[in-house]
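> My questions will all concern the structure given below.
The values are calculated or read from the model by the stated rules, or taken from the named source; none is laboratory data. Treat the numbers as computed from the prediction; the structure is a model and nothing was measured. In this analysis, Cβ positions are derived from the backbone assuming ideal geometry, glycine residues included, and neighbour counts consider all displayed protein chains. Note: accessible area is taken over every heavy atom of the protein model, side chains too, but ligands, DNA and RNA are not part of it. Shrake-Rupley method; radii C 1.70, N 1.55, O 1.52, S 1.80 Å.
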Amino acid sequence: MSPRDKRVVGWREWIRLPDLGPALVKAKVDTGARTSALHATDVEIVRTRAGEVVRFTWWPKQRTHRGAARATAPLVGYRAVTSSSGHTERRPVIRTRVDIGGDVWPIELTLTRRDVMGFRMLLGRQALRGHAIVDPARSFVTRKVRATRKARDG
């Protein structure tokens, strides 16, 4: 994909995670972060016939404990993530789809507590590679795309 074909995004964007529910979440687009992260609680790993899955609660709205959504996703594995403060945490990794302004593609996402962070989701450079170019001088470049019935109902 040439740079001309890639979507331009700002340093923060409204996105959807259609496999996890119809809610919009304000994400910080961070090319300094390799891995994407989602604020999640009540994380539990469950073994099924098809393999391990992660059940969790995620919080799309900032600065509130309302609007929580329960979700289940296949467990891809675990990743050791080192924060900017030097703390390393072992996090579960899921594969899901991201919808930015109507463009949808698969990403890997780590699950962690982000309640003290300014954004409930961080979109790292691996998720952007090959799909988007970041303009750090802009915010909310893409339009908020409402969930379609097909995306909501699976």
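> What are the residues in the range 24-78 that are farther than 19 Å from Pro92 by Cα, out of contact with any Asp or Glu (no Cβ under 7 Å at 6 or more places or on another chain) and β-branched (Val, Ile, Thr), if any?
Residues satisfying the conditions are Val25, Thr31, Thr64.
> Is it true that some residue in the range 74-96 is in contact (Cβ under 8 Å) with a residue 60 or more places away in the chain, open to solvent by less than 10 Å² (accessible area, probe 1.4 Å) and closer than 25 Å to Lys6 by Cβ? Even if it seems obvious, please write down each step before you answer.
Start the filter on the range 74-96 by keeping residues that are in contact (Cβ under 8 Å) with a residue 60 or more places away in the chain, which leaves 96.
Going one step further and asking which of them are open to solvent by less than 10 Å² (accessible area, probe 1.4 Å), we end up with 96.
So of that shortlist, the ones also closer than 25 Å to Lys6 by Cβ come out as 96.
The answer is yes; a qualifying residue exists.
> Considering the range 1-59 alone, what residues qualify as being open to solvent by less than 30 Å² (accessible area, probe 1.4 Å), of a type in the set (Ser, Thr, Tyr) and either in a strand (DSSP E or B) or over 16 Å from Glu108 (Cα atoms) (or both)?
Those that are open to solvent by less than 30 Å² (accessible area, probe 1.4 Å), of a type in the set (Ser, Thr, Tyr) and either in a strand (DSSP E or B) or over 16 Å from Glu108 (Cα atoms) (or both): Ser36, Thr41, Thr57.
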